[in-house]
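Asks: Here it is, the structure in full.
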Amino acid sequence: MAERVVITGLGLVCPMGHDVETVWQGMLTGKDGFATTTIFDASTFPSKFGAEVKDYDISRHTKNPGLHAYANRGSSFVVGAGAEACRQARIDVETDSPGDGIDRRRMGIYLGAGEGSVDNDVFFDALAKAWDNDKQEMDWSVWADVAFGGMHPLKELEQEPNLPAGHLALLTGARGHTRSCLTACAASTQAVGEAVMIIRRGQAAVMLAGGAHSMIHPLGVTGFNRLTALSTRNDSPHTASRPFSASRDGFVLGEGAAIVVLVSLASAKKRGVEILAEIIGFGSSSDAFRVTDMHDEARGAVQAINAALADAQVTYKDIDYISTHGTSTGENDSIETLAIKTVFGDHAKKVPASSAKSMFGHLIGATGCAELITCVLAIRDNILPPTKNLHDADPELDLDYVPNEPRKAKVDIAMSESFGFGGQNNVLIIKRYD
């Protein structure tokens, strides 16, 4: 019989704060994490603002900051989120002799994590100096002098998407299954879902799962701007992310890390830790359509939702709340709404569905787990986070998107949806542990 899997710890570092409760209270009191970009000079970019993690100090989360001295932003954030999640789950960190009763050989890590950015200043300086204008080609000997002289090898290693998992292993001592996936905006939802499957198969007793990412750098912002995926509402960053609104014009690019501690039910009971929720369903699919567009009939999203419901052994009528992907782009919001209507039928209008991205932005590889955490808190507090800035509803989108204000509601079962570039679709279903 498959192991039941429960959540015993939550950790979150994002533009609205560096811990779960700060972020949650901000979401319930109308705050957001949007401001003019400061990581680099974006004054000439179409989108001059974003959702940055501000005033983050890794030394507040680790006794050994030197071990993470060259961590990229995502790796740095995962140390803070991982430390918070482990504290709540009563897992010892940064010790060679843990006394928490967990065999580190049966403790693993699965992160949806993005590529770390290069040292842009050195990289572009090397490019500029190595370009031979007369020959119209690169002089790689000049490149080598500048780049090898200015780039630290550990800094360059941090471009690899598995490095956040490496930093989390340093923090926790986890020596079991350690995996990473890079499926864009669906990555951390996939990581959590597949970590659940590892525990169900009995291959681990504990998994630290989630994601970490930062694409707020010149190349990342340029790419999303060229795809017309980012809002350019530069005169009003705080109202720029407006999922399901008729005037939506794109998402606000964010960054951060989100971690949940997953354990078998037997392990949680044995250790006597608080159980925050149970994960009962996971569904995954691919659109097999276009790498930048969702299928116009929402076939991949529908398949993933149905697969999650089947895995959870519940029906759409059992779902009390949907945490949508809700990016604030024209295509996503319309097709996600279509997917919900296709699966839920007439019942769709009776199920509240909101978008956390309206407040903390799009955290890319970390976003799905961050939104899953808000589902856990919705179950805990029986309150639904709102979709902020929804003042001019798109007449074609007519579901209950919990506009502008949080709402008291009984939440026993919640569904969290993530859909990524490339046609990746991942859906999780969690329930109140009884």
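Asks: Which ³J(HN,Hα) values in Hz, rounded to whole numbers, follow from the phi angles of the range 404-420 under the Karplus curve 6.51 cos²θ - 1.76 cosθ + 1.60, where θ = phi - 60° and Gly and Pro get x?
Replies: 6, 10, x, 9, 5, 6, 6, 10, 10, 10, 10, 10, 10, 10, 9, 10, x
Asks: Send over the Kirkwood Rh of the range 387-434, from the inverse of the averaged 1/r over different Cα pairs, rounded to one decimal Å.
Replies: For the range 387-434, the Kirkwood estimate is 13.6 Å.
Asks: List the residues, sorted by chain then number, that are 5 or more residues from ARG407 or on another chain and whose placed amide H is less than 5 Å from its amide H.
Replies: Excluding prolines and chain starts, which carry no amide H, the hits are LEU384.
Asks: Still on this structure, I have one more. Show me the three semi-axes of the equivalent ellipsoid for the range 1-88, from the C-alpha gyration tensor (sqrt of 5 times each eigenvalue), largest first, rounded to whole Å.
Replies: Equivalent ellipsoid of the range 1-88: 28, 19, 13 Å, largest first.
Asks: Still on this structure: Calculated FRET efficiency, THR36 and ASN404, Cβ-Cβ r, R0 25 Å, to nearest 0.05?
Replies: The pair THR36/ASN404 has a calculated efficiency of 0.55.
Asks: Choose one of LEU372, GLY250, ALA130: the residue whose Cα lies farthest towards the positive end of the charge dipole of the chain (beta-carbon charges +1 Lys, Arg; -1 Asp, Glu; about the Cα centre).
Replies: Among LEU372, GLY250, ALA130, the one farthest towards the positive end of the dipole of the chain is LEU372.
Asks: Assuming a ≥ b ≥ c are the square roots of the Cα gyration tensor eigenvalues, decide whether the chain counts as rounded (a/c under 1.5), prolate (otherwise, with a/b larger than b/c) or oblate.
Replies: Oblate, because a/c is 1.5 or more while a/b does not exceed b/c.
Asks: Follow-up question, since we're still on this one. Among VAL196, SER236, SER117, whose Cα sits farthest toward the positive end of the charge dipole of the chain (+1 at Cβ of Lys/Arg, -1 at Cβ of Asp/Glu, about the Cα centre)?
Replies: Working it through, the farthest residue towards the positive pole turns out to be VAL196.
Asks: Over the Cα atoms of the range 194-305, Rg to Rh with Kirkwood Rh, two decimal places?
Replies: For the range 194-305, the value is 1.08.
Asks: Turning to a different aspect of this structure: Which trypsin sites (Lys or Arg not before Pro) from the range 374-434 combine a DSSP loop assignment with at most 13 other Cβ atoms within 10 Å?
Replies: Passing both the DSSP loop test and the Cβ count: LYS410.
Asks: Further, regarding this structure: Along the Cα→Cβ direction, 7 angstrom out, place labels at GLU94 and SER286. What is the inter-label distance in nm?
Replies: Each label point lies 7 Å from its Cα, and together they span 4.1 nm.
Asks: Further question: Counting DSSP beta bridges in the chain, what percent are antiparallel, to the nearest 5?
Replies: Here the antiparallel bridges make up roughly 70 percent for the chain.
Asks: Can I ask one more? Can you give the relative contact order of the chain as a percent, counting alpha carbon pairs under 8 Å and 6+ residues apart?
Replies: It comes to 23 percent, rounded to a whole number.
Asks: Would you work out which of ALA186, MET207, ALA301 lies farthest towards the positive end of the dipole of the chain? Charges go on Cβ: Lys and Arg +1, Asp and Glu -1.
Replies: Sorting the options by dipole projection puts first MET207.
Asks: Counting only residues 5 or more places away or on other chains, whose amide H sits under 5 Å from the amide H of GLY281 once H atoms are built in the peptide plane?
Replies: So GLY281 has HN proximity to ILE429.
Asks: Another question, if that's okay. Report the local net charge at ILE364: Lys and Arg +1, Asp and Glu -1, summed over other residues whose C-beta lies under 13 Å from its C-beta.
Replies: Net local charge, ILE364 excluded: -1.
None of the figures in this text is laboratory data; all of them are computed from the coordinates on show. Source: prediction; values computed, not measured. Glycine also receives a Cβ, built like all others from the backbone with ideal geometry; neighbour counts cover every protein chain displayed.
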